[in-house]
Amino acid sequence: MSLAETDVPLVVTETPSNRKGVSVSRRIWRAAFASYEFRVGLVVFAVLVAAALLYPSLSGIDPTKMNVAGRLQAPWFLGDKWSWSAPLGTDQIGRDMLVRSLVGLRYSLLIGFSTVVLMLAVGCTIGMLAGYYGGKVDLVLMRITDAQLSIPMIILAITVLGVSRPTIPAIILVLGLSSWPVYARVTRSVVMTERKQEYVRAALVSGASDLRIMALLLAPLILPPIVFISVLDVARMMIFESILGFMGLGVQPPTPTFGSIIADGRKYLLNAWWIATMPGIFLCLTLTSVNLMGASLERARNRIYGGA
Amino acid sequence: MANPPVLSVRDLAVELRTESGTRSILSDISFDLEPRQIMGIIGASGSGKTVLSRALVNWIDPPLAIASGSVIYKSQNILELPPGQLRPLRKEIAYVGANPMGALDPTLPVGAQIVEKIRAVVPGMDKAEAQRRVIELLGAVRIPSPAQRFHEYPSQFSGGMMQRALIVDALATNPAFLVADNVTQPLDVTVAAQVMRLMRELTERFDTAVVFVSSSLPTVSEAADQVLVLADGRIVERQTPAKLIREPQHPYTVQLISEIPQIWTAAAPVVESPERSGTPLISIEDATRTYRVRKRSSFAGYNNVRAVRNVTFDVYPGENFGIVGESGCGKSSLMRLLSRLESPDTGRVVCDGQDIAKLSGAELLKFRRDFQLVLQDPFNSLPPRTSIGAIIEGPLKVHGVNSAAKRRERALAVMHEVGLSAALYDELPLGLSAGQRQRVNVARAMVLEPKVLIMDETLSSLDQTEQFKLLKLFSQLQAKHGLTYIFISHDMAMVRRVCNRIAVMYLGEVVEIADNGKLFFDPGHPYTKALLSAIPTLEKRRYRPEDCLLEGEPPSPIDLPPGCSFASRCPKAFGRCHAESPVLTVDGKEGMAACFLLESAGGRIAA
Amino acid sequence: MFILSFLVRRLLQGALIIFLVTLLIFTLLRVVPGDPVRLMAGGMAPEALIEQIAKQMGLRDPILVQFGRYMAGVVQGDLGQSFVRPASGAATGGSGFSDASRSDRAEVLTLIADALPMTLQLAALAIAFALAFSFLVGVPGGLAPNRWPDRLAFYVSSIFVSLPNFWLGIVLALLFSVKLGWLPAIGYKGFAYTILPAIVLAIELAPVLIRNLTGSLASVMQSPFIAVARVRGLGRQRIVYGHALRNASVPLLNLLGIQISGLLGGVLIVEFIFDYPGLGLLTVNAVMQRDFPLIQGIAIVSSAIFVLINIGVDLIATLIDPRLEY
């Protein structure tokens, strides 16, 4: 902020820290929660997660149980009556679409979230080191990051998973290790600008070690810009999980995943379009709810910090 | 009586409208601007003077809003004109602001943007014609090689040069009046003096009336025919400058005048020098620091920026040592050497008989504890996401105070000492004023009970009143804790008030080092005289800018010419100055200066 | 001079990046389980034969030796030959192994050179669609923060980013190609076959561009020089199109550069869905057939594309904003 701007009285009138005893992060959550988009996202997300966790066991329907007699049943809104056993219809060998979709959602969420945690850990560490130490450390780490960034991650993922057997940990590892560069870049750029700020200098003068500065002063600063990206990345990783499943490189059958259901359903597109469409709609709903929450959080953060 | 006023402001009121309510920023503002008049407007920060200057050119954006009143130009209220009708009038209404570096699109050449403006407000103006005029005017404001500068980008201009270019931008269309809002605030004093002189010349030449807004009464009183004093959004006094200073009426004006630092008058404070005996607290011995900066134009080339050159001095316990100089003189690099953020390339910084570059582990921690830094920018020096209590406690954690209760107690004690309310403990720095932020900075430095506080431009972003209060706080702290201060500043008046010994820096060198009285009353170096001549003051000047300073700006520290670094701007330079570099020479018993004129006057070479 | 030194420096860096990519892919392919020779020779081939072929092809040498031999070829412009594809064209499956001599197998470079133009055409069209759409939605959004155009941009990008590309491809193909018959979808028999896949890719690419454009345009509009420009007498059109968009386009360009790699990933999926004969389809098949030389070749080419495009992007960015230095 330049000296010129401080002269305008309107800059410092609204103090976001008026209310005492409320931490910043809680204020951001409150502001986000107050927005319509966030609430819609949260409700949809909560309903979907609850359904995914509870419905398959409560309904007692086995997602892998075949029922050739009841194959290719239409969903209730196309058929003539409601059916508790298959409200969203059945697939080509009579398995219930609803249960299969919800079980697919479980794996999608599990892989989405754990992948992002892994990406965060790797990316932020590398970006922090590069940004803080600069010079040769920066040069080496950033060339590695560039190299990683220059191969489309999906090529890497299908290459590794295509030639070895895909298990859940392998999928998380491959997805996580092939998409951290964005975090490294963002972290590095934030750390590089903040590192020059005077409070870092003040901390150095007071005798703080590099590790302390990185962990206590800089880490809280990289978190906010990263949270937004990472919420969006949960959605992105869920998409990748389903892509892998679609190509037969995801969690292996008989476990249902969004990708594998859609791949199966594709063959029946003309006479039973719901097989490929239903899991897609579930996936889209989940992703939209996650994205709405992430984006509202970002907006709330900008409001609280005045766009900082 | 013959001419109607250029501009009439009647009952102008501006409000700030937010969700939490409406607050009045300006009210009952009425005045007339006569042709060729220079109307000064003075007020503290927050008095609404920037809002007023913007209202005059119809630049009021939400959440600000015009509540009532009019600004009449050519019998039209420009506040109510639709944009389409107002735009042609912009040719006659000019504005120059306080932020020259942000005023133009950074991605386009300066000249092209001025031409664009001329052609936007003067339809039918030929492009080549406009370009010719801009180049001519750039020359008139003494921008060197204007035809080449015309094609350069804003980032290639210095602040002072950019401000001149913006004056060209404002005056290129022969406006009827010019609103100049704090135009000299961001500039170095010697450059500001040049810009002021230029503006007076040009407005005379173009017959332009001027509304000159500033927070510095000396600057306004030198420039204006009439002064309006603004306090809390109202005009509280209206006078000619001479009368205003002689017989201020309103209490606010009285206070404003009383706070203007005295430099040479009998009322000026006398700063006592403590006994300089025993070992110095910290000595800097022939230190040099050069930075390598990548050259843009060549392949793998580097430029050497010589930021600190052969600096030597001692600071004794209990002193208030000042280091002054304009931007780019190397004083911040020197600060980094003194606080061991960096080590000198050659030479040493010695504390307790030890080279501080060689300290490590517990010894380094001890040094860090004793030498604390209070930084310049109140907005960047506090981590934005950390509460004030945690900021102040940070150094305690580093220095091994492990009990949270003890840290809290200590932090609250220091906050009390520097005048911060305990209620701020859990708050973020976001809503604090600049003065409060600097108090947090001081508290963070004081929490370790240091021996030395290095103040890097700590007060320069505060207004007079706040500066006053903090300086009082500093002397209280000094009396109580026996502190030594090193003030790094560009503000001669502030240094005059508090420092007992002062080093003057120019282009990385200390050109003069002297006791307070000696430096201000009998400076040995021509650059010191130039600095003194440019201090904004109401007093009769001992040194006049016309005698003490040539046009131009400091040369780049990259390619230093041989000889005395000040030779290119020194009115007294002679042949030898362009060939050899002078060294610090003893000038009387209270000071040393680096100038050949002293040698001929019989000074001795310093040991 | 500046341009030249910039190019030399960036090309050297780019070469290093490509080298690292090659090393990574090469090592990965050899440490993960799965023997290409077994696939080539077929499940019935005796162990001894497999070992013999593997030795012949040098696949039993230490990885570093193999890598050195490969890089020596790459430097001379030889990306090797496909393990499985005959020079004549269609891939041979793993059913019967004919001891094809080296000359019978397809050059990797030729395979890539055949597929690349198709992919470039698809990617270029997708970028054009995405940019056009982003400007249409993002510019009004950036000029009216917190009002309805901004909300619209927000919702559009939130929904678009939530559409999985392969699913969208299936649904759009079903809708526009099968049900409505407006656009052809599967395979490639003319330019019209590029449109639907390009739309899918554009929808994947657009949300980030819209958000970036909205955000940076809104923040540029807050800069002092925009407000001052109005006071200086410039018209709104001129301010928005001459100055604000110019400044906002720099971050957009940089983002586009980074998104290229994501776009190539999307191309792979979309080509697979639409059976579009480009680099992506070639990759999928190469992976399924464990065609190591082809996978390596594609990785090198795609990272080279990434490097070159980013050099171009940075060059354009420095032309727009002279303050930038690379």
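Per residue, how big is the convex hull around the C-alpha atoms of the stretch B:7-258? Give it to me in cubic angstrom, could you?
134
Please report how far the C-alpha centroid of the stretch B:13-80 lies from that of the stretch A:216-293, rounded to the nearest whole angstrom.
Each part's Cα centre sits 56 Å from the other's.
Other chains' Cβ within 10 Å of B:470-482 residues: what's the mean?
Shielding by partners across B:470-482 averages 0.
Compute, for B:W59, the solvent-accessible surface of its heavy atoms (probe 1.4 Å) with the complete set of protein chains present, and express it in square angstrom to the nearest 10.
Here the residue's solvent-accessible area equals roughly 20 Å².
Among B:M161, A:M119, what's the order by accessible area (1.4 angstrom probe), most exposed first?
Result of the area sort, largest leading: B:M161, A:M119.
Name the aspartates and glutamates eligible as straight-distance cross-link partners of C:K55: C-alpha to C-alpha under 15 Å, and not fewer than 8 places from it in the same chain.
Of all the aspartates and glutamates, those that pass the test against C:K55 - Cα under 15 Å, at least 8 places apart if same chain - are C:D35, C:E47, C:D99.
How big a patch of accessible area, both sides summed and in Å² to the nearest 100, lies buried between B and C at a 1.4 Å probe?
Chains B and C together bury approximately 2600 Å².
Please give the charge dipole size of the protein assembly as shown, origin at the Cα centre, charges +1 on K and R Cβ atoms and -1 on D and E Cβ atoms. Round to the nearest 20 debye.
My answer is approximately 1240 debye.
At R0 = 45 Å, how high is the FRET efficiency between C:L49 and C:Q121 if r is their beta carbon distance? Nearest 0.05 is fine.
0.60
Roughly how crowded by other chains is peptide B:101-113, in terms of the mean Cβ count from those chains within 10 Å of each of its Cβ atoms?
Partner-chain Cβ atoms within 10 Å, mean over residues of B:101-113: 6.
Provide the solvent-accessible area of B:C548, counting protein heavy atoms only and rolling a 1.4 Å probe, rounded to the nearest 10 Å².
Surface accessible to solvent at B:C548 totals approximately 10 Å².
Sort out for me the Cα centre separation of the stretch A:170-215 from the stretch C:189-245, rounded to whole Å.
What the calculation gives is 31 Å, centre to centre.
Given a 1.4 Å probe and heavy atoms of the protein chains only, how would you sort B:V350, C:V65, largest accessible area at the top?
Heavy-atom accessible area, descending, gives C:V65, B:V350.
Quantify, in whole percent, the carbon and sulfur part of the accessible surface of the stretch B:63-115 (1.4 Å probe; protein heavy atoms only).
58
Compute the Rg/Rh shape ratio of chain A: radius of gyration over Kirkwood radius, all on alpha-carbon atoms. Intermediate results must be reported in sequence, preceding the final value.
Working: Rg = 23.8 Å, Rh = 22.2 Å.
Value, to two decimals: 1.08.
Largest first and in whole Å, what are the equivalent-ellipsoid semi-axes of the protein assembly as shown based on the Cα gyration tensor, each being the root of 5 times an eigenvalue?
After scaling each eigenvalue by five and taking roots: 64, 36, 31 Å.
With the cut-off at 22 Å, tell me which of the pairs A:K196/B:K480; B:K518/B:K540; B:K366/B:K397 have Cα atoms farther apart than that. Walk me through the numbers before you get to the answer.
On the way: A:K196/B:K480 34 Å; B:K518/B:K540 18 Å; B:K366/B:K397 14 Å.
Beyond 22 Å between Cα atoms: A:K196/B:K480.
Leaving ligands, DNA and RNA out of it, work out the accessible area of B:W264 with a 1.4 Å probe and give it in Å² to the nearest 10.
30
Checking buried surface per residue: for the stretch C:148-193, which residues lose a minimum of 30 Å² accessible area in the protein assembly relative to the chain alone (1.4 Å probe)?
Relative to the lone chain, where solvent access is computed with a 1.4 Å probe, the stretch C:148-193 loses at least 30 Å² at C:R151, C:F154, C:Y155, C:S158, C:V161, C:S162, C:P164, C:F166, C:W167, C:I170, C:L174.
Using alpha carbon centroids, what distance separates the stretch B:420-441 and the stretch C:114-172, in Å?
So the two Cα centres are separated by 45 Å.
Per 20 Å bin, what percent of the C-alpha pairs of chain B does each bin hold, from zero upward?
All Cα pairs, binned at 20 Å, distribute as 18, 49, 31, 3 percent.
Between chains C and A, what is the buried accessible area summed over both chains (1.4 Å probe, protein heavy atoms, nearest 100 Å²)?
4300
Listed highest first by mean packing, meaning other Cβ atoms within 10 Å per residue, what order do B:139-148, B:181-190, B:65-74 come in?
On the way: B:139-148: 15.4, B:181-190: 22.4, B:65-74: 16.9.
Highest-to-lowest ranking by the protection proxy: B:181-190, B:65-74, B:139-148.
Please say if the stretch B:349-505 is rounded, prolate or oblate, where rounded means a/c under 1.5 for a ≥ b ≥ c the square roots of the C-alpha gyration tensor eigenvalues, and otherwise the choice is prolate for a/b larger than b/c and oblate otherwise?
Cα axes put the stretch B:349-505 in the oblate bin.
Thinking of the stretch A:112-229 as a set of Cα atoms, what percent of all their pairs are more than 22 Å apart?
40
Report the FRET efficiency, 1/(1 + (r/R0)^6), for B:T312 and B:I558, where r is their Cβ-Cβ distance and R0 is 25 Å, rounded to 0.05.
0.60
Under the definition of Cα pairs under 8 Å and six or more residues apart, what whole-number percent is the relative contact order of the stretch C:111-320?
On the way: 245 pairs, mean separation 56.4, N = 210.
For the stretch C:111-320, the relative contact order is 27 percent.
Classify the stretch A:105-179: rounded, prolate or oblate, from the alpha-carbon gyration tensor (a ≥ b ≥ c, eigenvalue square roots; a/c under 1.5 rounded; otherwise prolate if a/b is larger than b/c)? Let's see the in-between values first.
Details: a/c = 3.41, a/b = 1.76, b/c = 1.94.
Oblate, because a/c is 1.5 or more while a/b does not exceed b/c.
Evaluate E = 1/(1 + (r/R0)^6) for B:R197 and B:S8, where r is the Cβ-Cβ distance and R0 equals 51 Å; express this FRET efficiency to the nearest 0.05.
That pair, B:R197 with B:S8, gives E of 0.95.
From the Cα gyration tensor of the stretch B:29-87, with a ≥ b ≥ c the square roots of its eigenvalues, which class applies: rounded if a/c is under 1.5, or else prolate if a/b is larger than b/c, or else oblate?
Verdict is oblate for the stretch B:29-87.
Would you tell me the mean number of C-beta atoms belonging to other protein chains that fall within 10 Å of each C-beta in B:394-404, as a whole number?
Shielding by partners across B:394-404 averages 3.
Considering only protein heavy atoms, what per residue accessible area in square angstrom results for chain B with a 1.4 angstrom probe?
In whole numbers, chain B has 40 Å² accessible per residue.
Give me the net charge for the shell around B:A594: Cβ to Cβ below 12 angstrom, other residues only, Lys and Arg +1, Asp and Glu -1.
Taking every other residue near B:A594 into account, the sum is -4.
Largest first, how would B:F321, A:F282 line up by accessible area (1.4 Å probe)? Present the calculation step by step, with values, prior to reporting the outcome.
On the way: B:F321 0, A:F282 30 Å².
Largest accessible area first, the residues go A:F282, B:F321.
What translational diffusion coefficient, to the nearest whole µm²/s, does the stretch B:477-533 have by Stokes-Einstein, given a Kirkwood radius computed over alpha-carbon pairs, a temperature of 4 °C and 1.567 mPa s viscosity? Each step should come with its number before you reach the end.
On the way: Rh = 12.1 Å.
Answer from the Stokes-Einstein relation: 107 µm²/s.
As a check on your grasp of the helix formula, calculate [θ] at 222 nm for the protein assembly as shown: sum -39500 (n - 2.57) over DSSP H runs of n ≥ 4, divide by the residue count, round to the nearest 500.
-16500 deg cm²/dmol
The values are calculated or read from the model by the stated rules, or taken from the named source; none is laboratory data. Predicted model, so just to flag it, every value in this text is computed and none were measured. Please note: Cβ atoms are built from the backbone with ideal geometry, for glycine as well, and neighbour counts cover all protein chains shown. Accessible surface is based on the protein model in full, side chains and every heavy atom, while ligands, DNA and RNA are left aside. Shrake-Rupley method; radii C 1.70, N 1.55, O 1.52, S 1.80 Å.
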